[in-house]
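Trainee: First the structure, which I've put down as structure tokens, then a few questions once you've had a look.
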Amino acid sequence: MTYFLAIVALGMRAASTFSLRECGAVMPRATAAHFCQLMVCDNNGNIQSLNSYIRRQSPITQDSLSAAQSFCTYVFNYDGWRSLRIFPHANANGTVKWYAACEQLPDDIDADGIATHSEKEHRKYIHDVFPRLIAEVEAENWSQVDAYINRMLKYQTTYSAPHPKSSLTPYVFLILVALGVIVPLTVMTKR
């Protein structure tokens, strides 16, 4: 088991031995399951969903909490978020590496060339999202928590794949889609 997975497993077991309801807000089952849809990268470069990892570990839970709720309690109440490598970045060579919020980020993380973000927005997002998310969890503002999770999932989807070298690729795709719609319509109207 890798160092990352061992730390997470120990934290989950420690979190499950205490009365979790006394440690702070407990996420509703649906919100915890939503959070566990995020992908995570271990020290060996293996990428999996948090749900997959939790299913393999199957921690003992108390107070009739789900495994996802126990995991989220560890993440948000015991600083477990610091070790989660959930932020992908593809460098100029197309190699994707995943980072934790507290890790030293590479200089080129702000220069992906595909986003419209200002140069410092990636770095700021990665460093700020968990403290803000934790504040919403503590306030039990579950709709905002879900909104943050949706943005994190979108971030992962956007930045987890190598970027195309050509900036024409999206335009070519759009032209092909348009032709696929226009040509059949013109054929149908001529009949």
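The values are calculated or read from the model by the stated rules, or taken from the named source; none is laboratory data. None of these values were measured; they are calculated from a predicted model. Cβ: placed from backbone, ideal geometry, glycine included. Neighbour counts: every protein chain shown. Remember, those area values only see protein heavy atoms, side chains included, never the ligands or the DNA or RNA. Shrake-Rupley method; radii C 1.70, N 1.55, O 1.52, S 1.80 Å.
Trainee: Which of the following residues is outside any helix (DSSP H, G or I), modelled with pLDDT of 65 or more and open to solvent by less than 70 Å² (accessible area, probe 1.4 Å): Ala135, Ala161, Ala147?
Mentor: Numbers: Ala135 fails: outside any helix (DSSP H, G or I); Ala147 fails: outside any helix (DSSP H, G or I).
The match here is Ala161.
Trainee: Moving on to the next point. Restricting the first residue to the range 114-128 and requiring it to be at pLDDT below 85, which pairs with a second residue that is in a loop (DSSP other than H, G, I, E, B) and of a type outside the set (A, V, I, L, M, F, W, C) meet a Cβ separation below 6 Å and a spacing of at least six or different chains?
Mentor: Listed by first residue and then by second, the contacts come to Ile114/His163.
Trainee: Quick one: is Ser16 open to solvent by less than 30 Å² (accessible area, probe 1.4 Å) and at pLDDT 85 or above?
Mentor: Values: open to solvent by less than 30 Å² (accessible area, probe 1.4 Å): yes; at pLDDT 85 or above: no.
So Ser16 does not fit the description; no.
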